[in-house]
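These notes are about the structure you will find just below.
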């Protein structure tokens with residue numbers, strides 16, 4: 001029973017890997033050219049993934065923050081400025097709390113990227129470009145709980161973070177500057193001695 005769920009998530013990653021990499025080119029270029037921060041936005045499980053991706057980007061030398069999509073419309077849009085790029089995550093691409101942020105962000109001079117399986121969604125239509133992944137069945141028996149979709153979003157987001165870090169020629173020493181504590185920090189400190 002547990003392995004069935006794992007297999008569904010693994011199969012989701014396998015399906016994602018069949019997608020052509022070229023489709024991510026425009027989003028990668030926009031993120032590479034970002035002179036400010038990458039602001040990840042979402043609600044629910046997509047919000048949790050957005051927070052994790054902001055942390056990963058930051059640890060790899062790409063300044064990033066998480067802004068909750070609902071809180072954004074109650075003043076937190078002020079955390080995102082011209083020169084930043086907002087990555088709005090919604091599996092369907094039609095989550096109202098996420099979509100409602102696009103026009104105010106654009107009015108504030110912020111570039112926007114839809115991160116969704118909904119290629120024909122409102123979010124995809126409104127944003128400057130998209131990071132798209134295949135629409136897949138979830139792992140639970142009712143095909144409702146964000147499981148496969150959140151895993152695929154995380155994997156693709158991590159891959160983009162690693163690619164951007166590579167393009168910026170981020171080094172192990174750079175990583176240590178942002179991660180001085182814990183087992184990783186200790187290992188990197190010993191390497192530098």
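Coordinate-derived values only; no laboratory data. Source: prediction; values computed, not measured. Ideal geometry is used to build each Cβ from the backbone, glycine not excepted, and the neighbour counts take in all protein chains shown.
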Sole residue being under 22 Å from residue 165 (Cβ atoms) and touching a strand residue (DSSP E or B) at 6+ places or on another chain (Cβ under 9 Å), chosen from 124, 54, 72, 114: 54
Filter the range 157-174 down to the residues that are in a helix (DSSP H, G or I) and without any contact (Cβ under 8 Å) to a residue 40 or more places away in the chain, then identify the one that is nearest to residue 10 (Cα to Cα). 159
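Yes/no per residue for (1) surrounded by 12 or more Cβ atoms within 10 Å (Cβ to Cβ); (2) more than 20 Å from residue 6 (Cα to Cα); (3) free of Cβ contacts under 8 Å to residues at least 12 places away in the same chain:
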residue: 131; (1), (2), (3): yes, yes, no
residue: 134; (1), (2), (3): yes, no, no
residue: 141; (1), (2), (3): no, no, yes
residue: 150; (1), (2), (3): yes, no, no
residue: 155; (1), (2), (3): yes, no, no
residue: 176; (1), (2), (3): yes, yes, no
residue: 179; (1), (2), (3): yes, yes, no
